[in-house]
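Shown next, in structure tokens, is the structure this report addresses.
The values are calculated or read from the model by the stated rules, or taken from the named source; none is laboratory data. The structure displayed is predicted, hence computed values, not measured ones. In this analysis, Cβ positions are derived from the backbone assuming ideal geometry, glycine residues included, and neighbour counts consider all displayed protein chains. We work out accessible area using only protein heavy atoms, side chains counted, and drop any ligands, DNA or RNA first. Shrake-Rupley method; radii C 1.70, N 1.55, O 1.52, S 1.80 Å.
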Amino acid sequence: MKNILLAFLAISMTWACTSNTSEKEESKEVNVYTHRHYESDQQLFKDFEEKTGIKVNVVSANADELIQKMTLEGENSPADVLITVDAGRLHRAKDAGLLQAIESETLNNTIASNLRDVDNQWFGLTIRGRVIIYNPENISPEKISTYESLANPEIDGRLLIRSSSNVYNQSLMASIIAHNGEEAATEWANGVVKNMARDPKGGDRDQIKAVYAGEGDVAVTNTYYLAKMLNSSSEEEVKVAEALKILFPNQEGRGTHINVSGAGVAKYAPNKENAVKFIEFLVSEEAQKVFAGVNYEYPVNEKVEWASTLKEWGDFKRDTLNLSVLGENNDLAVKIFDRAGWK
Ligand code: FE
């Protein structure tokens, strides 16, 4: 870990020097810290460069590393934009004082208010649902139509869900706290732990595969993992995904829990104007098509068509809870998981 941090510092120092020289001239660059590492993003960043003449410098790492890097760099951070997944993580960056408030009509008009920070410090770029996958041969969808139903004794030993250290589950729990209260959320966690087919391990895709392998009948996953498997170049993954069914929970009630990947402007952004321009570009119709499409996410820009797999699944009722609440309830969510013994 120490080595990684040192390497980060070295990169930042070189970077800080270059940006100091260019600052004297007019700033024609934007420094983007992103967890995303798709080729299509690179293409998109090139398009932005061509359009605006602003060069996009990218640092890719996982979200927690980027947050740590920005914290270490402090006021000298070259970062202009932070892109990461999950409102819980974006909230962490905000809480750590790494972001700043942005007033942008374009962002406010394009992004629904529940999908951005209440203080305008971060903005949702793409949407994912946290859904239920099941084996239709072993369980009927009526038995698992809500998140709450996953805690029912009927599901005993049949549920696959990843570790509670994962931010997606923490945000799901944060939404359950917001809707049902702490006591009900605690009971839910206890019920879910009882129903687990095995100790949590692996990512969302591994839970889907385990259902196919017969380790259980029901799994919880983000939408894009299933969509990616359905569109995978691996025949095995397609076979697995096609054998199972997707269910959007809580359609009769509050709607399915959703989350975003999003971006914010860094507190000490040396190129703030370019940073705002860059995020505005990412929610444009042109960019959203690529940005959301490549990861099979739902675009925040409602004018943009969904990827065909998402269209086939059809529209669904979404929980409209302001995603800022996911960050606010994160600590309590982790506590409840610990008390329930959810590994
Ligand atoms: Fe993911």
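Across the stretch 208-224, what is the number of residues that are open to solvent by less than 40 Å² (accessible area, probe 1.4 Å) and within 16 Å of the ligand (Cβ to nearest atom)?
From the stretch 208-224, those open to solvent by less than 40 Å² (accessible area, probe 1.4 Å) are 208, 210-211, 216-224; that's our starting set.
From what's left, within 16 Å of the ligand (Cβ to nearest atom): 208, 219-224.
Counting residues in the stretch 208-224 that are open to solvent by less than 40 Å² (accessible area, probe 1.4 Å) and within 16 Å of the ligand (Cβ to nearest atom) gives 7.
If a residue must be open to solvent by less than 10 Å² (accessible area, probe 1.4 Å) and not in a loop (DSSP other than H, G, I, E, B), how many such residues does the stretch 116-144 contain?
The number of residues fulfilling the criteria is 12.
Given (1) over 21 Å from Ile127 (Cβ atoms); (2) among the acidic types (Asp, Glu); (3) open to solvent by less than 50 Å² (accessible area, probe 1.4 Å), identify the lone condition not met by Glu235.
Glu235 satisfies every listed condition except (3).
Considering only the stretch 292-329, state which residues are out of contact with any Ser or Thr (no Cβ under 6 Å at 6 or more places or on another chain), open to solvent by less than 20 Å² (accessible area, probe 1.4 Å) and not in a loop (DSSP other than H, G, I, E, B).
Tyr298, Pro299, Thr309, Leu310, Ser324, Gly327
Considering the stretch 193-207 alone, what residues qualify as being within 13 Å of the ligand (Cβ to nearest atom) and either part of a loop (DSSP other than H, G, I, E, B) or buried (at least 21 other Cβ atoms within 10 Å of the Cβ) (or both)?
First, the residues of the stretch 193-207 that are within 13 Å of the ligand (Cβ to nearest atom): 202-207.
Within the stretch 193-207, Gly202, Gly203, Asp204, Gln207 qualify.
Which residue is farthest from the ligand (Cβ to nearest atom), if the candidates are limited to the stretch 164-177 and must be among the aliphatic types (A, V, I, L, M) and closer than 14 Å to Thr256 by Cα? Before the answer, list the steps.
Going through the stretch 164-177, the residues among the aliphatic types (A, V, I, L, M) turn out to be 167, 172-174, 176-177.
Checking the rest, the ones that are also closer than 14 Å to Thr256 by Cα come to 172-174, 176.
On the way: Leu172: 13, Met173: 17, Ala174: 17, Ile176: 20 Å.
So the residue we want is Ile176.
Output the number of residues of the stretch 34-68 satisfying the condition of being of a type in the set (Gly, Ala, Ser), surrounded by fewer than 15 Cβ atoms within 10 Å (Cβ to Cβ) and farther than 16 Å from Val294 by Cβ.
So the answer is 1.
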